[in-house]
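Down below is the structure, laid out as structure tokens.
The values are calculated or read from the model by the stated rules, or taken from the named source; none is laboratory data. The structure presented is a predicted model; accordingly, all values stated were derived computationally and were not measured. Because the Cβ atoms are built from the backbone with ideal geometry, glycine has one as well, and the counts that use them run over all protein chains shown.
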Amino acid sequence: MFAKRLLHKVKPQNNAPDGSITDLELQLVLHYGIPYTASILAFDPIQRLLAIGTLDGRIKIIGGDNVEGLLISPKKLPYKNIEFIHNQGFLLGILNDNDIQVWDLECRQLTYSLQWEANITCFAVIHGTNLMYIGEDKGLVSVLKCDSEEGKLSRLPYNIPVKAITDSAGISCPNHVQIVGILPQPCCSGSRVLIAYDNGLIVLWDVSEGHVVTVRGYTDLQLKGGGSANLVTEGSDEVQDGSLDPVQEDKEICSLCWASNSGTVLAVGYINGDILLWDISSENGQQTGVSSKTAVKLQLASGNRRLPIIVLCWSSNHKSHDGGGQLLIYGGDDMGSEEVLTVLNLDWSSGIDSLRCISRVDLQLTGSFADMMLIPSVGSIENNYTAALFVLTNPGQLSVYDGTILPILKPEEGKVSAQAKFPVVVPTIDPYITVTKLCLLPMGGSSFEDFLKKSYTRRDTEVPILSAGAKWPLTGGVPNDSFSYEGKRVERIYISGYQDGSVRIWDATCPILRIMFLLEGKVPGIEVDFQNASVSALDFCPLSMTLAVGNECSLVRVYKIQESSNESSYHIVSETKHEVHIVQHGEGYNCIATFILTNSPVTTLNFVNGGDKLAVGFESGQVAMLDMNSLSVMFCTYQISAARSPVISIAIHANPQISALVSSPKRPTTDNAEHSADRVLVILTKDAHIIVVDSITGKLISSLSVPTKKDSAAVSMYVIGK
């Protein structure tokens with residue numbers, strides 16, 4: 001049926017003048033791992049879902065019950081904001097072109113899109129509601145509502161312009177200031193919101209009353225109030241009192257977060273590498289104004305050129321909700337220093353004026369920093385009890401730290417490495433993946449039953465365990481206790497070869513792949529040159545349960561299931577010699593032979609005759625036929641293509657009339673045609689040359705050059721029908 005539809009492509013359709021197949025819609029069903037272009041994180045603490053936005057318009061969803069999904073935007077643009085509407089089944093994403101998208105997680109599709117007319121600079125969802133704030137580069141704060149049934153967005157008439165804030169506070173401010181942060185204040189049911197502007201102005205706004213509650217960071221007010229700040233430098237547990245530098249304080253805000261569960265202390269990171277902890281609470285019943293002790297300055301380095309504070313996160317102590325905790329910082333070190341994530345253990349149980357920096361610890365990053373997020377414990381959504389710290393680095397790596405160790409990290413431990421990484425089912429970078437194959441397994445048969453029994457005795461991939469016995473906080477993408485493999489039949493397997501010469505085999509029957517075998521390139525006790533070279537070709541015969549692996553240094557390794565742990569024979573075969581060695585092996589796949597035939601990389605492998613023979617194609621244009629029963633070389637052609645073009649595909653065919661179909665008028669069928677009555681090999685080279693050879697002797701039967709466009713290359717070949 002597929003072949004019939006494929007051939008119809010050459011006939012123009014009524015609804016497709018170019019001849020394309022309009023009714024054949026290919027859809028992505030499953031996706032494993034984290035995209036390489038991952039750049040931003042979001043988390044739903046109720047449904048325990050993690051969203052990872054990318055730079056190319058994709059969002060990966062990972063959650064409980066083995067949930068893994070990939071949302072693909074019609075626009076291949078970076079996401080600059082993503083946020084869940086908690087427990088509503090909707091995810092909001094904002095692209096770089098200010099298109100606000102609503103994704104239906106149950107249907108895994110884009111349900112609504114709203115093109116915003118201004119440049120969106122910040123975005124925040126009010127906890128427990130379907131309302132959200134939008135901040136613009138012109139200083140306007142707008143409010144949107146998401147319909148809980150259809151997911152449509154509607155703009156509410158309420159907004160907060162800069163003029164309303166300056167009039168309420170009695171201050172002057174430029175008309176065009178950019179909003180760099182919006183934080184709904186905790187424990188106030190969404191009635192107050194903190195707004196930060198790029199000129200350093202910080203305002204706590206009462207939404208219900210429509211007036212300013214508190215103003216911080218404004219240079220004129222600081223000078224009028226005789227403001228000062230407490231300074232805590234690196235390695236110091238004492239607080240030094242010093243006046244604020246007006247020039248220094250009038251700096252752009254880069255990041256901010258609440259540093260208390262009640263929303264009375266705010267941590268703000270600046271472009272010059274400073275961090276200020278602001279007291280946001282109202283003093284003496286006043287709604288505005290600044291006291292003489294409203295801020296504490298933190299410095300991670302003492303140099304004149306420091307990195308901006310890119311990201312800030314806060315984790316409160318369990319016992320002291322508003323008197324201390326851990327401030328997690330990316331940035332602030334001297335320029336040119338090593339990339340780390342800094343954890344400051346702070347205490348101000350006697351008031352913010354008495355703040356002490358108890359310790360500083362640097363967390364080692366794997367790759368360049370992209371984003372970080374604190375994952376709260378179940379049931380502690382607003383109390384912010386941290387179960388884990390997720391750190392996203394490039395390319396596409398997610399590291400995790402147990403949240404319970406953050407308060408007890410000690411400086412003498414040096415740079416602390418991640419306790420676990422996202423358990424990638426199919427590694428693609430470490431090691432680097434080079435070739436893959438998906439294979440269906442036959443129903444029944446003794447070899448099949450043995451394969452099933454042996455594979456599930458190996459548990460090479462387990463759910464990561466953090467310190468103190470804490471488990472990985474998400475179950476999406478990894479096996480868990482609720483997912484049992486016992487009694488399940490293996491229907492298909494996924495095989496991948498790697499740059500280090502290793503091969504991995506997974507059970508691909510269920511949505512979550514499970515590792516079955518890890519095959520190393522070298523055979524224990526036997527030294528063969530280039531046996532760890534990069535894998536370049538794979539083929540698997542389900543009838544004989546035999547696996548063939550070719551590498552870039554012309555080696556072909558053959559693996560077969562071994563049922564016992566006794567010693568067996570291992571063959572090293574070339575065109576001129578045949579060595580036999582006795583090796584010890586365990587149960588599972590074991591290497592039974594290595595063939596060394598040419599000095600050219602292997603480009604394609606193909607089992608024929610039910611696994612009795614193996615056809616091998618090389619980059620040099622040569623083709624070899626190997627006998628799997630005697631582990632010998634039947635033939636190895638010198639050259640089948642005049643241009644020595646690499647062999648791309650090899651197919652076996654039993655119909656002797658195949659030669660008539662591909663014969664060239666310039667190259668008539670030779671006298672060797674009678675040898676092809678059994679089987680022939682149909683070979684495709686990269687320069688679109690088709691060659692038919694005798695599968696027994698390797699002698700040429702016929703050939704044909706397929707006309708191609710300039711600079712084009714053949715990539716694949718399939719023989720359709722008998």
Check: Name the pairs whose Cβ atoms lie under 8 Å apart, with the first residue in the range 504-530 and within 28 Å of residue 580 (Cα to Cα), the second of a type in the set (Lys, Arg) and surrounded by fewer than 19 Cβ atoms within 10 Å (Cβ to Cβ), and 6 or more positions between them or separate chains?
Finding: 517/458; 528/522
Checklist line | Check on residue 91, in contact with a Leu (Cβ under 7 Å, 6 or more places away or on another chain), surrounded by 20 or more Cβ atoms within 10 Å (Cβ to Cβ) and at pLDDT below 95 | finding: no
Margin query: Please determine whether any residue of the range 343-356 is closer than 19 Å to residue 373 by Cβ, in a strand (DSSP E or B) and out of contact with any helix residue (DSSP H, G or I) (no Cβ under 8 Å at 6 or more places or on another chain).
Written below: yes
Notebook entry, point to check: Taking into account only those residues within the range 271-297 that are assigned to a strand (DSSP E or B) and either of a type in the set (Lys, Arg) or modelled with pLDDT under 90 (or both), which is nearest to residue 187 (Cα to Cα)?
Noted result: 279
Checklist line | Any hit, the range 579-595, residues being in a loop (DSSP other than H, G, I, E, B) and within 30 Å of residue 692 (Cβ to Cβ) | finding: no
Check: Among (1) surrounded by fewer than 20 Cβ atoms within 10 Å (Cβ to Cβ); (2) outside any loop (DSSP other than H, G, I, E, B), where does residue 82 come up short?
Finding: (1)
Next item on the list: Go through the range 685-708 and give me each residue that's within 37 Å of the chain's Cα centre (by Cα) and of a type outside the set (Asp, Glu).
Entry: 685, 686, 688
Check: Of these, 551, 566, 599, which one is polar (S, T, N, Q), at pLDDT 95 or above and assigned by TED's automatic domain parsing to the domain that holds residue 441?
Finding: 551
Next item on the list: Give me a count of the residues in the range 28-46 that are in contact with a Phe, Trp or Tyr (Cβ under 8 Å, 6 or more places away or on another chain) and at pLDDT 85 or above.
Entry: 7
Note to self: Considering only residues that are crowded, with 23+ Cβ neighbours inside 10 Å, within 19 Å of residue 502 (Cα to Cα) and more than 33 Å from the chain's Cα centre (by Cα), which ones fall in the range 595-616?
What the structure shows: 595
Next item on the list: Check off (1) modelled with pLDDT under 90; (2) out of contact with any Gly (no Cβ under 8 Å at 6 or more places or on another chain) for residue 639 and give me the number that stays unchecked.
Entry: (2)
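Only residues that are acidic (Asp, Glu), within 21 Å of residue 371 (Cβ to Cβ) and assigned to a strand (DSSP E or B): list them for the range 85-110, please.
Within the range 85-110, the subset acidic (Asp, Glu) is 97, 99, 104, 106.
Okay, now just the ones that are also within 21 Å of residue 371 (Cβ to Cβ), so 97, 99.
Once the filter is applied, which keeps residues that are acidic (Asp, Glu), within 21 Å of residue 371 (Cβ to Cβ) and assigned to a strand (DSSP E or B), the range 85-110 yields only 99.
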